[in-house]
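What follows is a single structure, and I will ask about it in a moment.
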Amino acid sequence: MKKMLLAAGLTALMAGTSTAAMAQATGNGVLTVATIGEPPTLDPMQTPTDIVLTITQHMFETLYTYDKEWQPSPLLAAAMPEISEDGLTYRIPLREGVTFHDGSAFDSADVVASLKRWMEINSKGKQVAGVVDSVEADGEHAVTVKLKSRYSPLLATLSQGWAPILPSETLGGAELTQFVGTGPYKLQERRPDQYTQFVRFDGYKSPEGEPANYAGRREAIAGEVRFVPVPDANTRVEGLLSGQYDYADALPVSAVERVEASGVAKPVIFENAGWTSLNMNMAEGALTNKALRQAVQVAVNPTDMMLAAFSDERFFSVDGAFYPEGFFWHTEAGVERYGEGDPEAAAKLMEEGGYDGKPIRILTSRQYEFHYKTGEVAKAYLEAAGFKVDLQVVDWATLTTRRADKGQWDIFITHSNFPGDPSTLNTITDTYPGWYTSPAKTEAVGAFLNAVGNDNRLAAWEKIQAVIYDDAPLVKVGNFNALGGLANGVSGYEAAYWPRFWNVTPKG
């Protein structure tokens, strides 16, 4: 069914803030959020980075999302899918009565078009595309996904914000020009390097159930949510304490005591928020050599990197496993070359790999201050082992653009969360920057994707972790707790990996 876009809605969306809209937003309260910087895009299919997902999750929604146990829960889907006995066919029922911000009805045509675009342009989507035979509408309120082979993490992958459902009429090309979703907030105006403004979508239809992580009821209590890029971490702290921001993301841990004592804001700590890593380029440059990648693993000191990055032991742990203790997926299988820095062992591996003295280019950003400090310590240890290092400090948007070019870097520093399914880790995706592929990885991941039952899946994951340590596509540095700051008087906010502001009441 062809749907007509509402011209008035699109005019308000793309042209900017009207006086009436601003009055309505102000009358219902405003939440001003200081983020780590300007998002490189508002299209999460193009660049599935944390800053993009944090912002766009307020206007875009996915078929499924994560509940408090990081397991898939219906969002735009009406229920969990019906799965055939052979595990190759998923029939996904869709919620009825949901509308997009332009007034058009959400239906199966939108899901089919969105998933096809996702499989064409998104790194995770391309991975899924390899096992998908077809995605077809089953009437207006269901879709059927047929697989070529079993793919146990399908629902976990569809639960991530990089697979949003968009109106089929807006998907005419690779570049998204109309940012129309089904979420509790709609885009009102974006002024690059100033703010991204959302206003309440009065036509929003929430899923049912008590709020639990990203699942359950969503209510746009604030009339407006405004995301302001503030690249300097100390400036975010000052803005929070001066009352300029209602929430400030990714604060330096050194600020925790000052925020606690301020009387105007309180710290928000999210435990096991994620892990930091040095990701290596396996497509071009010196680190295409496995021995040199292993030399990097051996050379660096995780404890010193984490101590420099977080300063306070309350905010980090040094652990080589890809999931922390207490998580279902925790295992020490294969954890090697993870220690306190061994320059002699690194030098031997460098000799074996034929290191020619060309500088290793490390990309990092001060917008995530802990990335930058990690890079400084990594540089010192790599130089002690005999590497020459070119530490390049750029803004986060530039880093995400530059890392897509295989010829511009050797290592980039980033962080990741602990997803509900290991297959959604960036490291598993062949097309994620770094371009990690190997026969051993292909075999191990294939066994995992076909495993039935959690015991068998855990055993398969143990083999993947062992292969990753041997192939050395990255250095796992350590686990961290994240610090944010919330203004006194703001209620309903709960710590989350991607901070979310539905169900949150602004201060009076």
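Here, each number is a calculation from the coordinates, and none is a lab measurement. Bear in mind that the values here come from a model prediction, so they are computed numbers and not experimental data. FYI the Cβ positions are ideal-geometry reconstructions off the backbone, even for glycines, and counts take in every protein chain you see.
On C-alpha positions alone, give me the angle between the axis of helix 454-471 and the longest principal axis of the chain, in degrees, nearest 10.
Roughly 50 degrees between the two axes.
Okay, next question. Just how large is the dipole of the chain about the Cα centre, in debye to the nearest 20, putting +1 at every Lys and Arg Cβ and -1 at every Asp and Glu Cβ?
For this selection, approximately 880 debye.
Now, a different point. Say R0 is 60 Å: what FRET efficiency, to the nearest 0.05, do Ala105 and Glu383 get from their beta-carbon distance? Intermediate values should be presented prior to the final figure.
Values: r = 60 Å, r/R0 = 1.00.
Approximately 0.50, to the nearest 0.05.
Using R₀ = 22 Å, calculate the FRET efficiency as 1/(1 + (r/R₀)^6) where r is the Cβ-Cβ separation of Ile83 and Ala440; round to 0.05. Please list the in-between numbers first.
Working: r = 30 Å, r/R0 = 1.35.
That gives a FRET efficiency of 0.15.
So in region 7-229, what percent of DSSP beta bridges are antiparallel if you round to the nearest 5?
Within region 7-229, antiparallel bridges account for around 80 percent of the total.
Based on the Kirkwood radius over alpha-carbon pairs, what value in µm²/s does the Stokes-Einstein equation return for the translational diffusion coefficient of region 7-229 at 37 °C and 0.692 mPa s?
The calculation lands on 184 µm²/s.
For region 7-229, build the charge dipole from Cβ charges (+1 Lys, Arg; -1 Asp, Glu) around the Cα centre, then report which of Thr47, Tyr90, Ala142 sits farthest towards its positive end.
Sorting the options by dipole projection puts first Thr47.
Now, a different point. In whole angstrom, how far apart do the alpha carbon centroids of region 256-308 and region 491-508 sit?
Going from one Cα centre to the other spans 27 Å.
Next question. In whole Hz, with x marking every Gly and Pro, tabulate ³J(HN,Hα) for region 137-150 from phi via Karplus 6.51 cos²θ - 1.76 cosθ + 1.60, θ = phi - 60°.
Result, ordered by residue: 6, 10, x, 7, 10, 6, 10, 10, 10, 10, 9, 7, 8, 4 Hz.
Separate question: FRET efficiency for Asp232 and Asn488, Cβ-Cβ distance as r, R0 = 25 Å, nearest 0.05?
Using R0 = 25 Å, I get an efficiency of 0.60.
If you keep only loop residues by DSSP, which chymotrypsin sites (Phe, Trp or Tyr not before Pro) in region 322-411 have at most 16 other Cβ atoms within 10 Å of their Cβ?
Here the sparse-neighbourhood loop sites are Phe327, Phe328.
Separate question: Distance from the Cα centre of region 36-106 to that of region 215-243, in angstrom?
23 Å
Charges only on Cβ, +1 for Lys and Arg, -1 for Asp and Glu: so what's the dipole of region 272-480 about the Cα centre, in debye to the nearest 20? Don't skip to the end; give the middle numbers.
Values: 18 positive and 28 negative charges, 107 e Å.
With Lys and Arg at +1 and Asp and Glu at -1, about 520 debye.
If you take semi-axes √(5λ) of the Cα gyration tensor in Å from the coordinates, which of [x] 34, 29, 24; [y] 37, 29, 20; [z] 40, 26, 20 do you get?
Label of the calculated value: [y].
Once both labels are modelled 7 Å past Cα along the beta-carbon direction, what's the Glu260-Gln194 spacing in nm?
According to this spin-label approximation, the distance is 3.9 nm.
Would you work out the charge dipole size for region 7-229 about its Cα centre, treating the Cβ of every Lys and Arg as +1 and the Cβ of every Asp and Glu as -1, and quote it to the nearest 20 debye?
Using only the charged Cβ atoms, the result is roughly 340 debye.
Search the structure for amide H atoms under 5 Å from the amide H of Asp319, placed 1.01 Å from N in the peptide plane, and list their residues when 5 or more places away or on another chain.
Asn479
Could you please rank Lys358, Lys116, Lys379, placing first whichever residue has the fewest other Cβ atoms within 10 Å of its Cβ?
Lys358, Lys116, Lys379
Gain in length, Ala333 to Ala174, computed as 0.36 nm per residue apart minus the alpha-carbon separation, to one decimal in nm?
Result for the pair: 53.2 nm of gain on full extension.
With each pseudo-label sitting 7 Å past Cα toward Cβ, what's the Asn450-Ala291 distance in nm, one decimal?
Between Asn450 and Ala291, the label points sit 3.5 nm apart.
With contacts defined as alpha carbon pairs under 8 Å and 6 or more residues apart, what's the relative contact order of the chain in percent?
20 percent
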